[in-house]
Amino acid sequence: MVGPEILTNAQMRAADAAAVAEGTPGHTLMTRAGEAVAHALAERWPEGTVVVLCGPGSNGGDGYVAATALRAQGRAVRLAVLSDPASAKGDAAKAGEAWGGPFETPSADLFSGAAVIVDALFGAGLDRPLEAGARTLLRAAAASGVPILAVDLPSGLNGDTGAPMGYAAPAAVTVTFHRKKPAHVILPGRDLCGEVVVADIGLPPPEGACLFENGPALWGARLAWPTAVSYKHARGRVIVVSGDVATTGAARLAARAALRIGAGLVTVMTPPDALLVNGAHLEAVMLRPFETDIELETAASAVDAAVIGPAAGVNESTVSNLFALARTGAGLVIDADALTVFSEDPEEMFSVLDRDDVLTPHPGEFERLFPGLLAASPDRITATRTAAGRSGTVALLKGSDTVIAAPDGRAVVNTNGSPWLATAGSGDVLTGFIGGLIAQGLDSFDAACAAVWIHAEAAASFGPGLISEDLPGLAPKVLARLYAERDRR
């Protein structure tokens, strides 16, 4: 069974080596990989000529096996090689011998009349830009309009960072083996890979993985569900801190989201001047005025989670309010204004937080808290892990490929992101979802991962025309599906 673990190139090489050391010949692994490619191709393109581009290494060996298997099925197969097949070594040489020829010279004319092109030039092992010949060939393949199936990764794509090394031709389908790699889930690699098929080639399950693809397999078993004896306080208590009368809407969005995600009691803590405007827009969400940080601290000492940032205001009150919350045992979710207000001295905020707290910046806020970190990091995973380590909190870097990282090095990449979330206020709803899940007993890392996935699923279920006010009301349908899946297990 293929799990949610994501493995780096080094981890994949180690898994291959371990399987060989335990008695599985490398040629057997290559045969399984190549046959998996042939199977995926035949399912999607059952007819027409197949053009296979083979490189000099093991990726090319997978291509030889796939070509041989397709030819045995009666398909017309043309195979082109970048270098003399006689120069292939080891298992790739055996696979080339099994193909037996003919071998064609790469050219743009090769793709005329093809139904599909197999890119088996270079897989994840490539650590440098493509040479001119390979780059020209792949540009011609992309320009032909013929769909490309990539073996392991589109050639030229860095497997660990998801960034093209000069050029990588976009694939309609990528067939990889054992587990996904970072490039399959991080942009722009994720887009360049197209549909990703993970084939089980008989390697043992990975041990010690610390990078995962987000989904219910990671946290679904720990979601809290009410029982016959549940009551509102047992389902979790959340407070959301509102700013003054000029900025209140985002706090209400977060509060409604916390309630819809399952928290039993949600209260908006409001300055007196915003009491009327907040009260006019709230029903099931409670409302409580406060004037001092001491009053806020007292209220927060009786709840499970506290949200601060949406509509909080970039001012000294937000600073003192965050410090007040940090003096309690509540799990904190910190977003928007509560991040920006510490941009001059992020360490001041980090010094009062702990591993149960969650930072939820978008890239601009991330840059203000961790100047230069995104640009200096090879990828968003590394940047977010570093941020979690520096802050001592769960760090959540928003985006189409949201990354969540814990201080202990665990990281999760979200791949179900919806373009419909590009609307004002959607981040405030996400913050409320996280707070509501923490209040119900999920640890902060699981809560952040679950909230991001549910948030995106809710948006996808609505589609065009989505606005942030819709999102809290869409969460129950996603939760109902998760609840039904729990019963089936």
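Values quoted throughout were computed directly from the atomic coordinates according to the rules given, and no laboratory measurement underlies them. From a predicted model like this one, the values you see are computed outputs, not experimental measurements. We place every Cβ from the backbone using ideal geometry, glycine too, and count neighbours over all the protein chains shown.
Quick notes
- Computed FRET value (nearest 0.05) for R139 with M286, which takes r as the C-beta separation and R₀ as 51 Å: 0.25
- DSSP bridge analysis restricted to the chain gives an antiparallel fraction near 15%, rounded to the nearest 5.
- Evaluated with a Cβ-only charge set (Lys, Arg +1; Asp, Glu -1), the chain carries a dipole of roughly 1260 debye about its Cα centre, given to the nearest 20.
- [x] 26.0, 82; [y] 22.0, 67; [z] 23.9, 70, with the label sought being that of the calculated Rg and Dmax of the Cα atoms in Å: [x]
- Under 5 Å from the amide H of L211 lie the amide H atoms of I6, A411, each residue being 5 or more positions distant or on a separate chain, with H modelled from the backbone and absent for Pro and chain starts.
- With the charge dipole of the chain set up from +1 on Lys and Arg Cβ and -1 on Asp and Glu Cβ about the Cα centre, the Cα lying farthest toward the positive end among the listed residues A38, V173, F290 is that of A38.
- Spin-label model, E43/A234: points 7 Å from Cα along the beta carbon direction are separated by 4.4 nm.
- Those lysines that a straight Cα-Cα span of less than 23 Å connects to K180, excepting residues fewer than 8 apart in one chain: K398
- Antiparallel DSSP beta bridges within the range 9-209, percent to nearest 5: 5
- Scoring 31-39, 98-106 by mean Cβ neighbours within 10 Å over their residues and listing the highest first yields 31-39, 98-106.
- The helix-only estimate of mean residue ellipticity at 222 nm for the chain, built from DSSP H runs of length n ≥ 4 each weighted as -39500 (n - 2.57), is -12000 deg cm²/dmol after division by the residue total.
- Extended-chain gain in nm, criterion 0.36 nm per residue less alpha-carbon gap, D408 and I467: 17.7 nm
- DSSP H segments from the chain that extend 24 Å or more along their own axis, Cα-based, with Kyte-Doolittle mean of -0.5 or above: 26-44, 444-462, 471-488
- The range 9-209, dipole about Cα centre (Lys/Arg Cβ +1, Asp/Glu Cβ -1), debye to the nearest 20: 180
- Counting neighbouring beta carbons within 10 Å and listing from fewest to most, the residues L325, L282, L137 come out as L282, L137, L325.
- DSSP beta bridges confined to the range 231-488 are antiparallel in about 20 percent of cases.
- A484-A424 FRET efficiency (beta carbon distance; Förster radius 51 Å; 0.05 resolution): 0.95
- Computed lengthening from T28 to F323, 0.36 nm per intervening residue step minus Cα-Cα distance: 100.2 nm
- The range 395-409 and the range 70-122 have Cα centres separated by 41 Å.
- Stretch gain in nm, segment T298-T227, where the contour uses 0.36 nm per residue and the Cα spacing is subtracted: 22.6 nm
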